[in-house]
Amino acid sequence: MGKSVNIAVVGSGYVGLVAAVCFAEMGHQVTCVDNDPRKVAALQGGDTLIHEEHLPELLNRYRNTKVTFTTDLGSAAENAAAIFIAVGTPQSETGDADLSYVEAVACEIARHLTSYKVIVEKSTVPVYTNEWIRRSIERNGIDRKMFDVVSNPEFLREGSAVGDFLHPDRIVVGADSERAAQVLQDIYAPLTDGSYYKQANIIPGPFSADAPPPLLLTSTKSAEIIKHASNAFLALKISFINAVSNLCEATDANVQQVAQGMGLDSRIGPRFLRPGIGYGGSCFPKDVAAFRSVADQMGVDFSLLTEVERINATQKKRFLAKVRAALWTLRGKKLGVLGLAFKGDTDDIRDSPAIEMVQMLLAEGCSVCAFDPAAVERTKAVLPESDKVSYSTDAYAAAEDADALLILTDWAEFGKLDMKKLRTALRYPIMIDGRNMFEPATVAAAGLTYYSVGRPAAHPGRAEANA
Ligand code: UDX
């Protein structure tokens with residue numbers, strides 16, 4: 001593979017840690033910096049900190065050799081040709097991204113700048129952050145010729161982050177200087193020239209040596225906007241199909257058929273057209289709000305984004321109404337809940353629509369027994385066990401003696417559940433599925449009344465109507 005570049009990655013959260021091990025996998029020498037000494041010690045000692053496919057094997061391969069962990073930003077920065085900033089940009093009260101961590105890192109880097117460096121924004125940041133980073137470094141007395149600031153947004157999804165990093169649909173490099181663009185092109189060369197994919201034991205994915213991923217060179221501002229616009233567009237696609245699913249419910253149409261019919265149009269595409277209880281997670285809600293706020297500040301009317309958010313919030317209320325309609329009244333009802341994470345294959349519960357649903361049901365006087373394959377421990381910190389909240393170690397136990405079973409997260413393993421066994425466990429044979437995990441006729445054939453999103457309800461003993 002091409003030449004090895006010395007890289008510092010600041011922040012060992014989701015994006016930082018994944019980027020660090022993937023850069024090592026691409027042949028680079030990486031120092032991962034975090035200001036939390038406990039995190040650094042845990043990573044040095046073999047902990048992976050997050051639940052992510054392929055991360056343990058890559059960490060085992062490169063820990064303390066091609067990837068080292070430290071709290072010392074100064075020496076990491078001094079030795080690196082490129083410094084990636086991958087710290088958190090949480091949502092502030094106004095909806096803006098809080099950039100105080102980014103600023104603090106920029107100032108710290110400035111204190112250790114002794115030779116030319118490329119400073120790379122990897123965190124999701126609003127347009128103009130690049131300029132702010134540049135200004136704050138200059139304010140610390142550093143000559144403009146000593147550094148460049150580049151925007152290189154990351155598009156990885158939780159659950160498939162390592163695969164996404166090494167098989168990216170596109171690599172976006174926003175650089176306003178040729179020198180800086182070249183450093184980033186060198187870093188990504190193993191992917192863009194295909195040499196990474198020629199090796200044995202690579203992380204599998206769609207790209208190959210003959211068909212490597214593209215690298216798009218843009219201005220820094222365009223790159224910053226690409227990240228927010230992409231996430232906002234995906235959120236819009238989800239809200240759109242959720243609104244269509246509501247129309248399907250009102251007309252007895254089937255949203256699955258509608259989404260299939262729309263998705264076959266190559267201009268639309270089939271992905272991100274799954275209706276449900278709304279999008280969540282650490283990115284979409286925060287990024288849509290931040291993008292809306294950027295538009296507001298620039299005096300641009302982007303009220304479409306407000307509508308995307310409104311539909312997303314309404315989707316949870318509609319699901320609550322569906323539970324109420326199925327059970328008549330909610331107070332005192334015992335519900336089995338499958339899924340707490342914001343989506344399947346992750347233990348992440350940040351902004352999880354499933355947890356919000358549970359909180360809404362508790363506020364209505366229900367009690368809940370919940371199961372999730374990975375997120376129970378994290379959920380206990382938010383929803384402690386009580387006489388209203390309990391947790392089970394498998395799906396069937398969550399259904400035991402419940403008035404209905406609710407599906408709130410799309411874990412693939414839920415799709416394999418034995419319907420007859422669930423039917424036996426439940427007190428009343430009712431399933432309300434917020435993620436459309438099953439074929440309605442299959443559930444009804446097992447003796448359960450089945451409500452889902454945007455599809456007609458299915459009832460046992462009515463095979464023709466359920467087809
Ligand atoms: C997202 C983006 O996909 C990724 O490119 C970006 O870098 C970070 O944000 P992630 O938050 O990991 O990734 O999850 P994603 O798989 O995109 O799902 C986000 C939310 O949308 C989840 O709550 C999911 O359940 C929901 N979703 C997704 C739907 O409701 N319907 C869909 O069709 C797709």
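Per-structure values
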| item | result |
| --- | --- |
| Point-to-point label distance, Gln199-Asp301, nm (Cα→Cβ direction, 7 Å offset) | 5.3 nm |
| Cα gyration tensor category, rounded, prolate or oblate, for the range 1-82 with a/c compared to 1.5 | oblate |
| Average projection area in nm² (convex hull over Cα atoms of the range 123-213, one quarter of hull surface) | 7.2 nm² |
| Low-density loop positions, chymotrypsin sites (Phe, Trp or Tyr not before Pro), the range 398-467 - DSSP coil, at most 15 other Cβ in 10 Å | none |
| Rounded to 5, percent antiparallel among DSSP beta bridges of the chain | 5 percent |
| Euclidean distance of C-alpha centroids, the range 138-206 and the range 375-434, integer Å | 42 Å |
| Residue range of the chain that is longest and free of GluC sites (Glu not before Pro) which are both DSSP loop and sparsely packed (at most 10 other C-beta within 10 Å) | 94-384 |
| Neighbourhood charge, 13 Å Cβ-Cβ cut-off, centred on Gly27 and excluding it, Lys, Arg +1 and Asp, Glu -1 | +1 |
| All Cα pairs of the chain, percent lying beyond 41 Å | 25 percent |
| Test item: Cα-centred dipole of the range 356-467, Lys/Arg +1 and Asp/Glu -1 on Cβ, debye | 260 debye |
| Cβ charges +1 (Lys, Arg) and -1 (Asp, Glu), total dipole of the range 223-467, debye | 400 debye |
| Summed residue charge, Cβ within 15 Å of Lys416's Cβ, Lys/Arg positive, Asp/Glu negative | -4 |
| Nearest 10 degrees, 0 to 90: helix 220-251 Cα axis against the chain principal axis | 10 degrees |
| Helical mean residue ellipticity (222 nm; -39500 (n - 2.57) per DSSP H run of 4+; nearest 500) of the chain | -13000 deg cm²/dmol |
| Bins of 5 Å, starting at 0 and running to the largest distance - Cα pair percent for the range 223-467 | 1, 6, 13, 17, 19, 17, 12, 7, 4, 2, 1, 0 |
| Positive-end residue of Ala412, Pro440, Phe319, charge dipole of the chain with Cβ unit charges | Pro440 |
| Distribution of pairwise C-alpha distances over the range 91-161, 10 Å bins, in % | 18, 47, 26, 8, 0 |
| Trypsin sites (Lys or Arg not before Pro) lying in DSSP loop within the range 1-81, provided at most 16 other Cβ fall within 10 Å | Lys3 |
| Calculated FRET value between Asp418 and Arg324, using beta carbons and R₀ = 30 Å, to 0.05 | 0.60 |
| The range 223-467 - share of DSSP beta bridges that are antiparallel (%, nearest 5) | 5 percent |
| Selection from Gly461, Gln182, Val308 lying farthest towards where the dipole of the chain points positive, charges on Cβ | Gly461 |
| Extension reserve of the Ala441-Thr314 stretch, reckoned as 0.36 nm per residue once the Cα distance is removed | 43.0 nm |
| Extension gain from Arg267 to Glu178, taking 0.36 nm per residue of separation minus the Cα-Cα distance | 28.6 nm |
| Dipole moment magnitude, nearest 20 debye, the chain about Cα centre, only Lys, Arg, Asp, Glu C-beta charged | 640 debye |
| Trypsin sites (Lys or Arg not before Pro) within the range 298-371, DSSP loop, no more than 11 other Cβ atoms inside 10 Å | Arg331 |
| Charge dipole (the range 223-467, unit charges on Cβ, about Cα centre) - positive-most of Ala229, Gln256, Ala290 | Gln256 |
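Just so you know, all these numbers are worked out from the coordinates, no wet-lab data involved. The structure displayed is predicted, hence computed values, not measured ones. Using ideal geometry, Cβ is built from the backbone for each residue, glycine included, and neighbour counts are taken over all protein chains shown.
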